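Peer 1: Pasting a structure here, questions to come.
The values are calculated or read from the model by the stated rules, or taken from the named source; none is laboratory data. Please read all numbers here as calculations on a predicted model, not as lab measurements. FYI the Cβ positions are ideal-geometry reconstructions off the backbone, even for glycines, and counts take in every protein chain you see. The protein model used for the area step is the full one, side chains on, heavy atoms only, and it has no ligands, DNA or RNA in it. Shrake-Rupley method; radii C 1.70, N 1.55, O 1.52, S 1.80 Å.
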Amino acid sequence: MGTNATARAPSGEAAARLVDSPSAAPEVAVEDLRFAWRRGAPDVLVIDRFTVRRGERVFLAGPSGSGKSTLLGLLGGVLVPRAGAVRIHGVELSALPGARRDRFRADHIGFVFQMFNLVPYLSMGDNVTLPCAFSARRRDRATARSGSVRDDAARLLDHLELDRATLAARPVTELSIGQQQRVAVARALIGSPEVLIADEPTSALDAGTRERFLDLLFTECTATGTTVIFVSHEAALGTAFDRVVALAELQSPSGPR
Amino acid sequence: MSVLVTVARLALRSLWNRRLTAGLTVLAIALSAAMLLGVEKVRRDARQAFADTISGTDLIVGARGGAVQLLLYSVFRIGNATNNISWETYRELAAHRSVAWTVPLSLGDSHRGYRVLGTNTEYFARYKYAGDRPLTLAAGKPFDDVFDAVLGAEVARRLGYALGDPIVVTHGAGEAGLRNHDDKPFRVSGILAPTGTPVDRTVHVSLEGIEAMHIDWKGGAPIPGRRTDAEAARKMDLEPRTITAFLVGLDSKLALFRLQRTISTYRAEPLQAIIPGVALQELWDLMGVAENALRVISVMVAVTGLLGMAAVILASLESRRREMAVLRSVGARPAHVFGLLMSESATLGLAGVATGLGLLHALVLAARPVVSRLFGLHLPLAPPTTLDLALLGAVVLAALAAGALPAWRAYRMSLADGLSPRV
Ligand SMILES: Nc1ncnc2c1ncn2[C@@H]1O[C@H](COP(=O)(O)OP(=O)(O)OP(=O)(O)O)[C@@H](O)[C@H]1O
Ligand SMILES: [Mg+2]
């Protein structure tokens, strides 16, 4: 603690970025959302309203099993709500048919799963450039940024302090968990998606690395105006974010919880 | 880089990553393909070898009966004739104006399980097999003495005979309580080169030799008290009274059917004349059941190999759910995941088929010298036939079909697999 990131005044910066944005419509909006894992099972999530402004960094907190990963899955279009709407970047994601939703996710959302994010048989670099193979939009953006997709991947890996010289030759399965998490984040960031959804990407990092990691992540996201929704059990990290949201606050009192 | 290239590259990388299981799968498919093609090749080559048993002969004439039976005893040395042909009839038909040549055949005796064939030296000039190949002597010469014998390659090899060795002929073939013609032993004068035909399993002697052996015999048994020795027999009139069958060559094929009819309506005794090619075909058709059984077995082996492949892919899929979810999360659509697994199956299938083809060719190359030396059979190393290619195509298609099930499962698997950290 006590780094630049944690000392930053949340409201001021967020407000400044908001002024820059062309539209004040929320980047992420959830309305009357109901989600149950199985038909007929009790709802895990009952959220009447939750919005995130463009460029805002939200820290989502809550006890284990409370539904944080589930909510991220819904925001990323990985899961589909039983009722209600999830809107990302002005598009009602939850209403799109499967293939369109996949395309939308590929173009606009960088997603980091809670664990095991890498394709085991691809190199570190190939793992990072993967989204650019499936999304022309992100490929173009990465190329515009660094000249080529490869170079942009290298830039991000350097940026997240992954030593390419020694790590690139190794299979990704031999990377430490923390290194794997950083590769996954580099992959989520390549091609500057509008929204970064990260599920505990810092769980395996030591305190020092964690804060530097966040710092670097935020520098990158500020440069591209990326909205960040971030889950962590490390409550102390919350101070670095524009807003800390406890999942329990989002859940409607009329819900089962 | 297009998405298709990415998917293909992912498929190759992922296979390489699992090269041990992938290799075993390829091997299983290769064995299936080699088995399918091998059985097909054996069937084809057997059929060819079968059709090659006798050629250049236009008609085979014997006592009236079944065409297949006549073919079996006259060419394959299997079974016995029901009746003989009189020497007079043979002389008369041999002199027919359409007939270019004849070779008389006299059967009924054996030597240690191998049939003894009485004939004349024309046999060595006229008998052809495998298209137009004549019999050749590996050692010695055709018989010129009454008690000379020329051995087929297998007889000489199995029984370990060399030129000059004595041979005692047994009366009859195969039945118990046989009498030996031990008073008139034969001498090996020649040994034939292997032909891959029943000739290899035949002991050839002259018609006079057959006659000499049976001087003191009547109705299949020796006449008690009479013993003419070999030297005395030599001086006697050894013109045969009957033969079992004879081969006919014509001047012109145009006369074939007319002569065939003339023979089958021959007044003096009931005869039949068969066209070897037609009778061979008839006999081969009789063996169609065995042929089909062979095919069924090879198809079952192929199916086993492919099921193995499906099982391997399906099992690996369970441990790859995570990988699929990750691919989906970075933008791969279900169709891409489906395509990824299908390209893996296609790669396994193609690699398997190519390996199988190589395996079979290697096997044929390795077996060639041995088969040629032992059986006189030439194993052709032909490029795959249309049927072979169709079979191989079917294996690849079946590999794709087998891969479709796991691919479909992966297609249906939810992206949400990535959310719950199951390993
Ligand atoms: N695939 C699934 N099928 C059925 N139920 C599930 C599935 N994944 C999660 N759940 C349930 O949904 C609830 C919320 O789980 P979720 O993973 O969202 O919690 P979380 O807040 O992310 O917890 P953690 O902090 O431990 O990661 C839990 O009760 C969990 O058992
Ligand atoms: Mg979780």
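Peer 1: Roughly speaking, what is the centre-to-centre gap between the range A:54-95 and the range A:191-250 when only Cα atoms are used, to the nearest Å?
Peer 2: 15 Å
Peer 1: Turning to a different aspect of this structure: Report the calculated FRET efficiency for B:E231 and B:A125 (r = Cβ-Cβ distance, R0 = 22 Å), to the nearest 0.05.
Peer 2: 0.15
Peer 1: Continuing with the same structure: Name the long-range amide H neighbours of B:D165: under 5 Å, sequence gap of 5 or more, or other chain; modelled H, no Pro or chain starts.
Peer 2: Hits under the 5 Å cutoff: B:V188.
Peer 1: Another question, then. Dipole magnitude of the protein assembly as shown about its Cα centre, charges +1 at Lys/Arg Cβ and -1 at Asp/Glu Cβ only, in debye to the nearest 20?
Peer 2: Working: 76 positive and 64 negative charges, 220 e Å.
Dipole size: approximately 1060 debye.
Peer 1: For the Cα atoms of chain B, what angle does the longest principal axis make with the long axis of helix B:334-375, in degrees from 0 to 90, nearest 10?
Peer 2: Taking the Cα atoms of chain B, the angle to B:334-375 is about 20 degrees.
Peer 1: Here's something else I'd like to know. Rounding to the nearest 20 debye, state how big the charge dipole of the range B:191-305 is about its Cα centre with +1 on each Lys and Arg Cβ and -1 on each Asp and Glu Cβ.
Peer 2: Charge dipole, the range B:191-305, about its Cα centre: 220 debye, nearest 20.
Peer 1: Taking the Cα atoms only, what angle lies between the long axis of helix B:276-286 and the longest principal axis of chain B, rounded to 10 degrees?
Peer 2: Value to nearest ten degrees: 50.
Peer 1: Relative contact order for chain A using alpha-carbon pairs under 8 Å, separation at least 6, rounded to a whole percent? It would help to have the intermediate numbers written out before the result.
Peer 2: Working: 463 pairs, mean separation 74.8, N = 257.
Here the relative contact order equals 29 percent.
Peer 1: Within 10 Å of each Cβ in peptide A:126-133, how many partner chain Cβ atoms are there on average? Round it to a whole number, please.
Peer 2: Partner Cβ neighbours, averaged per residue: 5.
Peer 1: Rounded to the nearest 10 degrees, what's the angle between the helix A:207-224 long axis and the longest principal axis of chain A, both from Cα atoms, 0 to 90?
Peer 2: Approximately 80 degrees, to the nearest 10.
Peer 1: Would you list the P(r) distribution for the range B:234-279, with all Cα-Cα distances sorted into 10 Å bins from 0 and each bin expressed as a whole %?
Peer 2: Each 10 Å bin holds this share of Cα pairs: 20, 45, 22, 12, 1.
Peer 1: A further question follows. Could you tell me which of B:L135, B:V103, B:S86 has its Cα farthest along the dipole of the range B:63-135 towards the positive end, charges placed at Cβ (Lys, Arg +1; Asp, Glu -1), taken about the Cα centre?
Peer 2: The listed residue farthest towards the positive side: B:L135.
Peer 1: Please state the charge dipole magnitude for chain A, taken about the Cα centre, from unit charges on C-beta atoms (+1 on K and R, -1 on D and E), reported in debye and rounded to the nearest 20.
Peer 2: Value, rounded to 20: 640 debye.
Peer 1: If you roll a 1.4 Å probe over the heavy atoms of the protein chains, what accessible area per residue do you get for chain B, in Å²?
Peer 2: Working: 19600 Å² over 423 residues.
Here the per-residue accessible area is 46 Å².
Peer 1: Right, another one. How would the protein assembly as shown be classified by its alpha-carbon gyration tensor: rounded, prolate or oblate, with rounded meaning a/c under 1.5 and the a/b versus b/c comparison settling the rest?
Peer 2: Because a/c hits 1.5 or more and a/b exceeds b/c, the protein assembly as shown counts as prolate.
Peer 1: Given the protein assembly as shown, what count of lysine pairs have C-alpha atoms under 26 Å apart, with each pair 8 or more places apart or on different chains?
Peer 2: So the count of such lysine pairs works out to 8.
Peer 1: Spin-label point model (7 Å from Cα, Cβ direction): what's the B:A335 to B:A401 distance in nm?
Peer 2: 2.5 nm
Peer 1: For the range B:59-274, build the charge dipole from Cβ charges (+1 Lys, Arg; -1 Asp, Glu) around the Cα centre, then report which of B:I210, B:Q69, B:V116 sits farthest towards its positive end.
Peer 2: Positive-end residue among those listed: B:Q69.
Peer 1: Continuing with the same structure: Say each of B:R261 and A:A168 gets a label point 7 Å from the Cα, pointing the same way as Cα to Cβ; how far apart are those two points in nm?
Peer 2: Going by the 7 Å Cα→Cβ label model, 9.0 nm.
Peer 1: Could you give me D for the range B:59-274, from Stokes-Einstein at 10 °C and 1.306 mPa s, where the hydrodynamic radius is the Kirkwood radius over C-alpha pairs? Units µm² s⁻¹, please.
Peer 2: For these conditions, the coefficient is 89 µm²/s.
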